[in-house]
Amino acid sequence: MPRSNHPRRTNGGRPGQKNASGNGTAGNGPAEELDLERARSGFPHRESAPDGEWMVRPITARNAAKIYTCPGCHRPVQPGIAHLVVWQEDSLFGAAAALTDRRHWHSNCWQSRRYKYRR
């Protein structure tokens, strides 16, 4: 006869075993759907240029929802237009300040920008 105070195993796991998410609810609750478009293209990458180190994150047309002003051409980056979010990685004021100073660029404006050399 089984003991009534013994914890039961769920999904073949051991009692008290945690699942991959780190909580003790193995297999309970709905699975969160993964947005594949965002997962494929939303990762920032580092670019080196004569004017510093830059982090560049592509924004897909689907995820572009606001109007921004491109610092390269001073024209608006319209919603629904794929573009880049750029911030300086080697900022003098630290990573948090660099992240708040990020700018939205047209992809072509970023690629054809003129470098401002530091003195």
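Filtering region 38-46 for residues that are modelled with pLDDT of 90 or more and under 22 Å from the mean Cα position of the chain (by Cα) leaves a non-empty set. Reported count of residues in region 82-102, each being of a type in the set (A, V, I, L, M) and buried (at least 16 other Cβ atoms within 10 Å of the Cβ), is 4. Taken over region 39-81, residues that are over 17 Å from ARG102 (Cβ atoms) and touching a residue at least 60 places away in the same chain (Cβ under 8 Å) amount to 1.
Residue check: ARG57 meets all listed conditions (1) in contact with a strand residue (DSSP E or B) (Cβ under 6 Å, 6 or more places away or on another chain); (2) closer than 17 Å to GLN111 by Cβ; (3) exposed (fewer than 12 other Cβ atoms within 10 Å of the Cβ) but one, namely (3).
Of the residues that make up region 7-25, is at least one at pLDDT 60 or above, of a type in the set (Val, Ile, Thr) and not in a loop (DSSP other than H, G, I, E, B)? No.
Within region 63-81, being surrounded by 15 or more Cβ atoms within 10 Å (Cβ to Cβ) and in a strand (DSSP E or B) holds for TYR68, VAL77.
The values are calculated or read from the model by the stated rules, or taken from the named source; none is laboratory data. This is a predicted model, so every value here is computed, not measured. Note that we place each Cβ from the backbone using ideal geometry, even for glycine, and neighbour counts take in every protein chain shown.
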